[in-house]
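The next block holds one structure in the form of structure tokens; read it before the comments.
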Amino acid sequence: DQQVKQNSPSLSVQEGRISILNCDYTNSMFDYFLWYKKYPAEGPTFLISISSIKDKNEDGRFTVFLNKSAKHLSLHIVPSQPGDSAVYFCAASDRIQGAQKLVFGQGTRLTINP
Amino acid sequence: NAGVTQTPKFRVLKTGQSMTLLCAQDMNHEYMYWYRQDPGMGLRLIHYSVGEGTTAKGEVPDGYNVSRLKKQNFLLGLESAAPSQTSVYFCASSTDGNSPLHFGNGTRLTVT
């Protein structure tokens, strides 16, 4: 049972445009959500997070939106740059249980075209 | 400041062989984790540790053992490797159970 799903394995976006990556979850106990970015032959690196008490969190070009009623979150990157080409993982956890219950999605490969 | 270092980077094993994957962190983090990543799947937690001398099972612990004798090191052992353990293994650490994870660059293991 995949509790966190990223239904788009890949996404291609023109440089300068907006990239929108989506993530759905099924466990209503999840109250903390994170996005990680991964380049080939490297480990994932933390990008941005959001708590369930918020519906939006912004950090520079990156914004994460959370829709709790739909159990859906999205990552917006604007403007997209070539260096944003990577695999993006969303992850969710129940903060009472902590990181040992962190569940990752399958990842979306983002390609930014010049 | 190296962060999280994993050794080796690559390894090929024959079925039934054993090996230990090493993970070291220099950030004085309490929590450490071992994940595996397989094609088409997200990272799955194998074992984790909330402090020196402690270990606990994650989502997919079967076939693996771990030890955390020193705060900075977390070892993952395969006693009798199986082809199903072919994967990329990532070690991670965090300050506490609700802080973002810092990952190493992974160990690519192939079991033939």
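The values are calculated or read from the model by the stated rules, or taken from the named source; none is laboratory data. Being a predicted model, the structure only gives us computed values, none of them experimental. Here the Cβ positions follow ideal geometry from the backbone for every residue, glycine too, while neighbour counts run over all protein chains shown.
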Would you point out which residue out of A:Lys101, A:Lys68 is of a type outside the set (S, T, N, Q), touching a Ser or Thr at 6+ places or on another chain (Cβ under 7 Å) and facing another protein chain (nearest Cβ under 10 Å)? A:Lys101
Output the strands (runs of 3 or more DSSP E) that fall wholly within the range A:30-98 and possess 3 or more residues being surrounded by 14 or more Cβ atoms within 10 Å (Cβ to Cβ), or say none. A:32-38, A:45-51, A:62-67, A:72-77, A:86-93
Collect the residues in the range A:70-95 that are over 14 Å from the mean Cα position of the chain (by Cα) and either within 20 Å of A:Gln2 (Cβ to Cβ) or at pLDDT below 95 (or both), keeping them in residue-number order. A:Ala70, A:Asp94, A:Arg95
Can you tell me how many residues within the range B:73-103 are more than 14 Å from chain A (Cβ to nearest Cβ) and assigned to a loop (DSSP other than H, G, I, E, B)? 5
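So that you can scan it fast, the table gives a plain yes or no per residue for (1) crowded, with 16+ Cβ neighbours inside 10 Å; (2) under 12 Å from the mean Cα position of the chain (by Cα):
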residue: B:Pro8; (1), (2): no, yes
residue: B:Leu21; (1), (2): yes, yes
residue: B:Glu30; (1), (2): yes, no
residue: B:Asp38; (1), (2): no, no
residue: B:Thr86; (1), (2): yes, no
residue: B:Phe90; (1), (2): yes, yes
What are the pairs with Cβ atoms under 6 angstrom where one residue, in the range A:43-57, is within 30 Å of B:Thr7 (Cα to Cα) and at the interface with chain B (Cβ under 9 Å from one of its Cβ atoms) and the other, located anywhere, is in a strand (DSSP E or B) and among the aliphatic types (A, V, I, L, M)? Sequence gap at least six, or different chains. A:Ser49/A:Leu34
Has the range B:31-50 got at least one residue that is free of Cβ contacts under 8 Å to residues at least 60 places away in the same chain, away from chain A (no Cβ under 14 Å) and of a type outside the set (Gly, Ala, Ser)? no
Out of all the residues in the range A:99-114, which are assigned to a loop (DSSP other than H, G, I, E, B), crowded, with 22+ Cβ neighbours inside 10 Å and more than 13 Å from the chain's Cα centre (by Cα)? A:Leu102
